[in-house]
Amino acid sequence: MSFVKDSANRTPIVDTVFAIVEKANQAKAKNGDDAVVDGVIGSLYTEEGKLATLDTVFSTLKSIDDAHLAKYAVSFTGNPDFRQDAIDWVLDGNSNLYKEVIATPGGTGAVGMSIENCLEPGQTLILPEIAWGSYALMAQMNNLQTASYSLFKDGHFNIDSFKAVCQEVMKKQDRLVMIINDPCHNPTGYSMSEDEWKEVIAFLNECSRTHSIVLINDIAYIDFSYRGAYAKHYFTCFDEISDNVAVIVAFSISKSMTSYGLRCGAAIVMAKTPEAVDELKIVFEKSARATWSNINNGAMEMFSEIMEHKKPEYLAEKQKYVDLLKERSQIFVEEAEACGLEHYPYKEGFFVTLSMDNDLRDKYHEALMEEKIFTVKVNKGIRVAICSMPIEKVRGLAGRMKEILEKVK
Ligand code: PLP
């Protein structure tokens, strides 16, 4: 007897993060916090070990009156001012394309909705080889195959692999849908250069002569780039797309506003023609209505209030955390380089990922835990969440990790 549809995959989710959080907590209870290095949690934490929250964000949210917190959003695509504010904030004037916005429950909603509506069951979604685990799960839930491109070659974006994977997938279907998680890639911390983006767009234009192309650009961590507003300049490269290419930028206020639980974000749909944007919007609107209906009104109002009236306060507050993240990552990366602890090219963002094959990774992850250092296993690597580690825990960590690595090698 079975209650779920035959095609549903019944394998339970293996959560690589929460199981290790539990182990880290047990180690802390037994040995005290000072004895444990907890590099597991993927949210931004203060130096005092608390979840970082921006006062501008939460004081604004709490000042919204009950009726506004209680009510439905104005439309299934989100409140009109939120949609405009999302365009203005995310793109920062760096796009001349036609665009539409659909409010979504976080970046998850934006990525998931794009995958669900742009590929037929059985078709292939193109992903980075090292990636946020939810992409593969989304593919599975939509009965999609996946193909992955290797991320790096000689310390740079591996355009050759990206092209080869796209060309392979083009042989078997009429369209290409791919995810590029950039800038501040999770979990490596890589950000592509503008030249790398230009090469990607030129190649996608070539592919678009025979195939329709949907580029999903997941920008979840963009507002923690170390380059400030300049981190958004690469959107100008998208102006060069051909008529047969659409770009969907998946924006998350979880990170940008440190408000993970408010479940708010947006899919910004961009294309060369109004018809292309309209087609995606019509389908996405129905998809939204049929799944989450509409988005948290209070979260959207909070975002708009800040964007329209409190941007300087917000920026100043957020900058302190960007600086903190930069300080933590600089210490880790400099020490790693000094002792020869290999990691994927890191530029900015919440995580640094050590590079190794999966056999070594498994042994090493265990050995680290024996030394009370808790991290997360990712494909071909070990993710170190510098976002949640105080500076005093980061200092000296790379050297300790290198010593442990030498013992298990
Ligand atoms: N994309 C990446 C790469 C992420 O790491 C996350 C969250 O961890 C998300 C998207 C989506 O986050 P949310 O749905 O909370 O906006």
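The values are calculated or read from the model by the stated rules, or taken from the named source; none is laboratory data. No experiment lies behind these values; they were computed from the predicted model shown. Please note: Cβ atoms are built from the backbone with ideal geometry, for glycine as well, and neighbour counts cover all protein chains shown. Just so you know, the surface numbers come from the protein's heavy atoms only, side chains and all, with ligands and any DNA or RNA stripped out. Shrake-Rupley method; radii C 1.70, N 1.55, O 1.52, S 1.80 Å.
Looking at segment 209-246 only, could you name the residues that are over 18 Å from residue 278 (Cα atoms) and within 16 Å of the ligand (Cβ to nearest atom)? Listed by number, the residues that qualify are 217, 218, 219, 220, 221, 222, 223, 224, 225, 231. Every test in (1) within 25 Å of the chain's Cα centre (by Cα); (2) farther than 23 Å from residue 265 by Cβ is passed by residue 42 save one, and that test is (2). The residues of segment 272-285 that are in contact (Cβ under 8 Å) with a residue 60 or more places away in the chain and either near the ligand (Cβ under 10 Å from one of its atoms) or charged (D, E, K, R) (or both), listed by number, are 272, 278, 281, 285.
Does any residue in segment 244-263 that is touching a residue at least 12 places away in the same chain (Cβ under 8 Å) and of a type in the set (S, T, N, Q) come within less than 7 Å, Cβ to Cβ, of a residue that is away from the ligand (no atom under 12 Å from the Cβ) and outside any helix (DSSP H, G or I) six or more places away or on a different chain, and which pairs are these? Close Cβ pairs (under 7 Å, with a partner that is away from the ligand (no atom under 12 Å from the Cβ) and outside any helix (DSSP H, G or I)) amount to 244/208; 244/212; 244/213; 258/52; 258/53; 258/54. Can you name the condition, by its number, that residue 349 falls short on among (1) among the small types (Gly, Ala, Ser); (2) under 26 Å from residue 128 (Cα atoms); (3) open to solvent by 40 Å² or more (accessible area, probe 1.4 Å)? With (1) among the small types (Gly, Ala, Ser); (2) under 26 Å from residue 128 (Cα atoms); (3) open to solvent by 40 Å² or more (accessible area, probe 1.4 Å) applied to residue 349, the lone miss is (3). Checked against the criterion of being within 14 Å of the ligand (Cβ to nearest atom), out of contact with any Ser or Thr (no Cβ under 6 Å at 6 or more places or on another chain) and farther than 29 Å from residue 65 by Cβ, the candidates 249, 269 yield just one match: 249. If the condition is being in a helix (DSSP H, G or I), open to solvent by less than 100 Å² (accessible area, probe 1.4 Å) and of a type outside the set (D, E, K, R), then segment 18-58 contributes 19, 20, 21, 24, 25, 27, 29, 31, 35, 56, 57, 58. Here segment 306-318 is the region considered, the condition is being in contact (Cβ under 8 Å) with a residue 24 or more places away in the chain and open to solvent by 70 Å² or more (accessible area, probe 1.4 Å), and the residue that is farthest from residue 81 (Cα to Cα) is 313. Taking the criterion of being open to solvent by less than 20 Å² (accessible area, probe 1.4 Å) and either more than 15 Å from the ligand (Cβ to nearest atom) or more than 13 Å from residue 180 (Cα to Cα) (or both), the residues of segment 116-137 that qualify are 118, 119, 124, 126.
Among the residues of segment 32-78, those identified as of a type in the set (Asp, Glu) and within 28 Å of residue 20 (Cβ to Cβ) are 33, 34, 38, 47, 48.
When 108, 77, 104 are checked against the criterion of being within 26 Å of residue 241 (Cβ to Cβ), of a type in the set (S, T, N, Q), open to solvent by less than 10 Å² (accessible area, probe 1.4 Å) and within 16 Å of the ligand (Cβ to nearest atom), 104 stands alone in meeting it. Would you check if there is a residue in segment 360-380 being at positive phi and in contact with a helix residue (DSSP H, G or I) (Cβ under 9 Å, 6 or more places away or on another chain)? Checking segment 360-380: at least one residue is at positive phi and in contact with a helix residue (DSSP H, G or I) (Cβ under 9 Å, 6 or more places away or on another chain). Exactly one residue out of 373, 382, 386 is under 19 Å from residue 32 (Cβ atoms), open to solvent by less than 10 Å² (accessible area, probe 1.4 Å) and in contact (Cβ under 8 Å) with a residue 12 or more places away in the chain: that is 373. Tell me yes or no: at least one residue of segment 158-171 is modelled with pLDDT of 95 or more, outside any helix (DSSP H, G or I) and closer than 17 Å to residue 215 by Cα. Among the residues of segment 158-171, at least one is modelled with pLDDT of 95 or more, outside any helix (DSSP H, G or I) and closer than 17 Å to residue 215 by Cα, which makes the answer yes.
Among all positions in segment 321-338, there is at least one residue which is within 16 Å of the ligand (Cβ to nearest atom), open to solvent by less than 40 Å² (accessible area, probe 1.4 Å) and in a helix (DSSP H, G or I). Of the residues making up segment 228-253, just one is among the polar types (S, T, N, Q) and crowded, with 21+ Cβ neighbours inside 10 Å, namely 252. I'd like the residue in segment 85-101 that is more than 16 Å from the ligand (Cβ to nearest atom) and small (Gly, Ala, Ser) and, out of all such residues, is farthest from residue 211 (Cα to Cα). Looking at the filtered set, the residue picked out is 93. Take the conditions (1) within 30 Å of residue 284 (Cβ to Cβ); (2) assigned to a loop (DSSP other than H, G, I, E, B); (3) at pLDDT 95 or above; residue 15 misses just one of them, which is (3). Please go through segment 184-226 and give me each residue that is within 22 Å of the chain's Cα centre (by Cα) and surrounded by fewer than 16 Cβ atoms within 10 Å (Cβ to Cβ), ordered by number. Once the filter is applied, which keeps residues that are within 22 Å of the chain's Cα centre (by Cα) and surrounded by fewer than 16 Cβ atoms within 10 Å (Cβ to Cβ), segment 184-226 yields 193, 194, 195, 198.
Condition first: more than 18 Å from the chain's Cα centre (by Cα), open to solvent by 10 Å² or more (accessible area, probe 1.4 Å) and small (Gly, Ala, Ser). Can you find one or more residues in segment 164-183 that meet it? Checking segment 164-183: at least one residue is more than 18 Å from the chain's Cα centre (by Cα), open to solvent by 10 Å² or more (accessible area, probe 1.4 Å) and small (Gly, Ala, Ser).
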